[in-house]
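The values are calculated or read from the model by the stated rules, or taken from the named source; none is laboratory data. Since the structure is predicted, the reported quantities are computational estimates derived from the model, not experimental observations. All Cβ positions, even for glycine, are placed from backbone atoms using ideal geometry, and neighbour counts span all protein chains on display. Note: accessible area is taken over every heavy atom of the protein model, side chains too, but ligands, DNA and RNA are not part of it. Shrake-Rupley method; radii C 1.70, N 1.55, O 1.52, S 1.80 Å.
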Amino acid sequence: MRSARPSLTADLVASLRAIYAELPAPYRLGEDEFARVLVPRVLALPARAAARVPSAAPLFHRGLAKLTLGLSLHVPLRTRAVDDAVRAAVAAGATQLVILGAGLDARALRMGELRDVRVLEVDHPSTQRRKVERLGRAHHAIRARALVRVPVDFEVDRLDDALLRAGHDPRARTLFVMEGVSVYLTRPALADTLDRVARIASPGSRIGITYASRTIAELPRVALPLARTFLAAVGEPTRTQLARDEMAALLGEAGFRVLEDSSTADWAARYWPWEERVPVIERLAIAER
């Protein structure tokens with residue numbers, strides 16, 4: 001991303017989360033009272049409209065899917081899949097959550113399951129500053145035991161050193177989350193990030209990492225070229241796509257064992273069983289140290 005301004009993709013993803021936070025069930029997959037606060041005013045307009053006309057939920061859902069060539073379906077599904085991975089890790093004994101490339105994530109504020117968990121949010125300083133500004137007074141409504149923001153540029157800074165300086169406890173069972181990040185890193189940078197995570201991860205710690213699949217399915221042929229052109233134009237080009245076995249190998253080289261690897265289609269079957277055609281955009285690998 002361009003260092004002079006916060007991430008545009010973070011804004012766009014947050015705007016989709018805000019819309020689905022306002023839609024009624026079964027479209028809404030979780031509560032998030034902070035989603036609309038984190039979105040720029042212009043991008044918050046669709047969410048406000050969705051809140052005012054709940055009966056139009058099917059129209060919002062289908063209209064967005066057509067407008068974004070199916071990409072909009074992916075965001076709420078991914079958010080819920082990662083939320084459930086967080087819940088599972090906490091249930092398994094994690095007392096520390098490290099969110100790598102946190103963007104406009106609000107898990108430390110909205111998830112009651114984190115009441116006994118210390119959260120460290122890692123991201124580019126410009127994105128973090130904008131996030132704090134938008135939250136305003138809501139910044140203090142933290143449900144996690146503690147929240148620490150750690151400024152890091154993944155392509156330049158040493159992640160493990162930055163986390164240790166910020167107070168990361170390498171003895172605590174930890175869940176590391178990389179949601180929507182790996183696709184923007186070069187493969188060497190991704191491998192280095194996983195290696196540095198492993199160095200400060202205690203036995204029993206987990207990582208949940210989403211990654212762009214080499215076998216993206218059921219998207220219109222024009223969707224990917226358009227998306228890549230747009231992202232490159234705003235200074236956030238995609239760099240890495242991986243097959244399932246390639247991600248398993250990268251995690252294995254860093255000392256992690258894959259517990260589960262699921263796709264967008266799997267999340268749809270789990271959370272929106274009535275939704276027949278959801279394109280496979282990303283996968284989520286859960287691995288343990």
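A count restricted to region 65-82 and to residues that are modelled with pLDDT under 90 and out of contact with any strand residue (DSSP E or B) (no Cβ under 7 Å at 6 or more places or on another chain) stands at 7.
I'd like to check something: does region 50-58 contain any residue that is in a helix (DSSP H, G or I), touching a residue at least 40 places away in the same chain (Cβ under 8 Å) and among the polar types (S, T, N, Q)? No: zero hits.
With respect to ALA85, is the statement that it is at pLDDT 95 or above, over 18 Å from the mean Cα position of the chain (by Cα) and on the phi < 0 side of the Ramachandran plot true? Explain how you work it out, then say what you get.
Working: at pLDDT 95 or above: yes; over 18 Å from the mean Cα position of the chain (by Cα): no; on the phi < 0 side of the Ramachandran plot: yes.
So ALA85 fails the test.
Within region 268-289, residues that are open to solvent by 20 Å² or more (accessible area, probe 1.4 Å) sit with their Cβ atoms under 6 Å from residues that are outside any strand (DSSP E or B) and of a type in the set (Ser, Thr, Tyr), at 6+ positions apart or across chains, in these pairs: VAL280/THR264; ILE281/THR264; ARG289/SER205. Whenever a residue of region 177-192 is more than 19 Å from ASP11 (Cα to Cα), its partners that are among the aromatic types (Phe, Trp, Tyr) and at pLDDT below 90, lying with C-beta atoms within less than 9 angstrom and at least six residues away or across chains, give the pairs ALA189/PHE154; LEU190/PHE154; ASP192/PHE154.
Look at region 80-96: where a residue is closer than 16 Å to PRO170 by Cα and in contact (Cβ under 8 Å) with a residue 12 or more places away in the chain, no partner that is open to solvent by less than 40 Å² (accessible area, probe 1.4 Å) and part of a helix (DSSP H, G or I) sits 6+ places away or on another chain with Cβ atoms under 6 Å.
Looking for something assigned to a helix (DSSP H, G or I) and under 19 Å from ARG134 (Cα atoms) - is there at least one such residue anywhere in region 21-37? Within region 21-37 (the criterion being assigned to a helix (DSSP H, G or I) and under 19 Å from ARG134 (Cα atoms)), the answer is yes, since at least one residue qualifies.
Would you say ALA35 is modelled with pLDDT of 95 or more, closer than 23 Å to TRP267 by Cα and of a type in the set (A, V, I, L, M)? Reasoning before the result, please.
Details: modelled with pLDDT of 95 or more: no; closer than 23 Å to TRP267 by Cα: yes; of a type in the set (A, V, I, L, M): yes.
No.
Going by the structure shown, is ILE99 open to solvent by 10 Å² or more (accessible area, probe 1.4 Å), of a type in the set (Val, Ile, Thr) and closer than 17 Å to LEU38 by Cβ? When the stated conditions are applied, ILE99 does not pass them.
Against the list (1) surrounded by fewer than 14 Cβ atoms within 10 Å (Cβ to Cβ); (2) modelled with pLDDT under 95, the condition ARG257 fails is (2). Of all residues in region 187-216, those being at pLDDT below 60 and either in a loop (DSSP other than H, G, I, E, B) or exposed (fewer than 13 other Cβ atoms within 10 Å of the Cβ) (or both) number 1.
Contact annotation: residue pairs with Cβ atoms under 9 Å, 6 or more positions apart or on different chains, pairing a residue in region 59-71 that is farther than 15 Å from TYR20 by Cα and in contact (Cβ under 8 Å) with a residue 12 or more places away in the chain with a partner that is open to solvent by less than 40 Å² (accessible area, probe 1.4 Å) and assigned to a helix (DSSP H, G or I), are LEU69/ALA223; LEU69/ALA227.
For region 122-153, taking the residues that are of a type in the set (Asp, Glu) and more than 19 Å from VAL75 (Cβ to Cβ), the one that is most open to solvent (accessible area, probe 1.4 Å) is identified as GLU133. Residues in region 84-110 that are farther than 15 Å from GLU288 by Cα and among the small types (Gly, Ala, Ser): GLY101, ALA102, GLY103, ALA106, ALA108. ARG78 meets the conditions (1) more than 22 Å from VAL39 (Cβ to Cβ); (2) open to solvent by 10 Å² or more (accessible area, probe 1.4 Å) in every case but one. The failed one is (1).
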